[in-house]
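Comments concern the structure below.
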């Protein structure tokens, strides 16, 4: 049986991006092309444990002003806690059981963060694994705005992981403590990157289909469709390449770790085999992401050059 982990992660938001996380969390969009994991036919199954009274940013500004806090443009106004568990934990669980898990997690957060500062706590049932987005304004007990004090540094993040697991394991004894990126010393690879990679691959398939289906009769219509896709795909690839550069160090460390584990496998200890499998999984994930952007089919590169060459030059 696979290990089942209690998972808690934090993210900080300062300005315009607050609106983006709100539209994702509250499902205000009609389509989620950049997030193929969202199955809108199941969105009616999502539910709130804390329902927002107003827009995230508006509520944050209201509470910050009432607390008398001064802000800068780079002040963190909203902290998001992502709460979930390993997919295996949710297998076979009914909605009431899933709700009970997240209600317990909410009660944990409320032990350390005033419930009045919690803007929203919404559970998504329309993606692969149930998870809760809990957003709060990082106001301390003495009404200071300080995400750094609340979420903290490496030591404080370790404390959050410890306390979260201690709280949840009382009711769910099979859960194991999750690891934060700060403890492993590696940058966590966000699931959003894999979703973006899936989206890019779908666009690539569409482009290839157009190139293979073009003929003298549909050339003009296909050219317009192709140009529209390339205008999104090529910049998307460049953005993904830039994002992946920050994981070069992680990839090198994992490769070296894998080589060391290979030497130890002669003893075939259970721990070394499990570690080897986990390290290999992470390497495979990074390889999968790299394959998305490192080798573009020559047909696509040629098509992109033609599109650029035929575009009118700006004056």
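The values are calculated or read from the model by the stated rules, or taken from the named source; none is laboratory data. Every value quoted in this text rests on a predicted model; they were computed, and no experiment measured them. Cβ sites come from the backbone with ideal geometry, for glycine too, and all protein chains shown count toward neighbours.
Among the criteria (1) surrounded by fewer than 14 Cβ atoms within 10 Å (Cβ to Cβ); (2) outside any helix (DSSP H, G or I), the one residue 65 does not fulfil is (2). The set of residues in segment 12-27 that are assigned to a helix (DSSP H, G or I) and surrounded by 16 or more Cβ atoms within 10 Å (Cβ to Cβ) comprises 18, 21, 22, 24, 25. Considering segment 74-89 alone, what residues qualify as being in a strand (DSSP E or B) and either more than 12 Å from residue 135 (Cβ to Cβ) or not assigned by TED's automatic domain parsing to the domain that holds residue 60 (or both)? Selection gives 84, 85.
Please determine whether any residue of segment 66-73 is under 20 Å from the mean Cα position of the chain (by Cα) and on the phi < 0 side of the Ramachandran plot. Don't jump to the end; show me each part of the working.
The initial filter retains those residues of segment 66-73 that are under 20 Å from the mean Cα position of the chain (by Cα), namely none.
The answer is no, given that none of the residues of segment 66-73 is under 20 Å from the mean Cα position of the chain (by Cα) and on the phi < 0 side of the Ramachandran plot.
Given segment 175-290, what helices (runs of 4 or more DSSP H) lie entirely inside it while holding 1 or more residues that are at pLDDT 70 or above? Here the list reads 191-213, 219-245, 248-264. When residue 45 is tested against (1) within 24 Å of residue 152 (Cβ to Cβ); (2) surrounded by 13 or more Cβ atoms within 10 Å (Cβ to Cβ); (3) touching a residue at least 12 places away in the same chain (Cβ under 8 Å), just one condition goes unmet, and that condition is (1).
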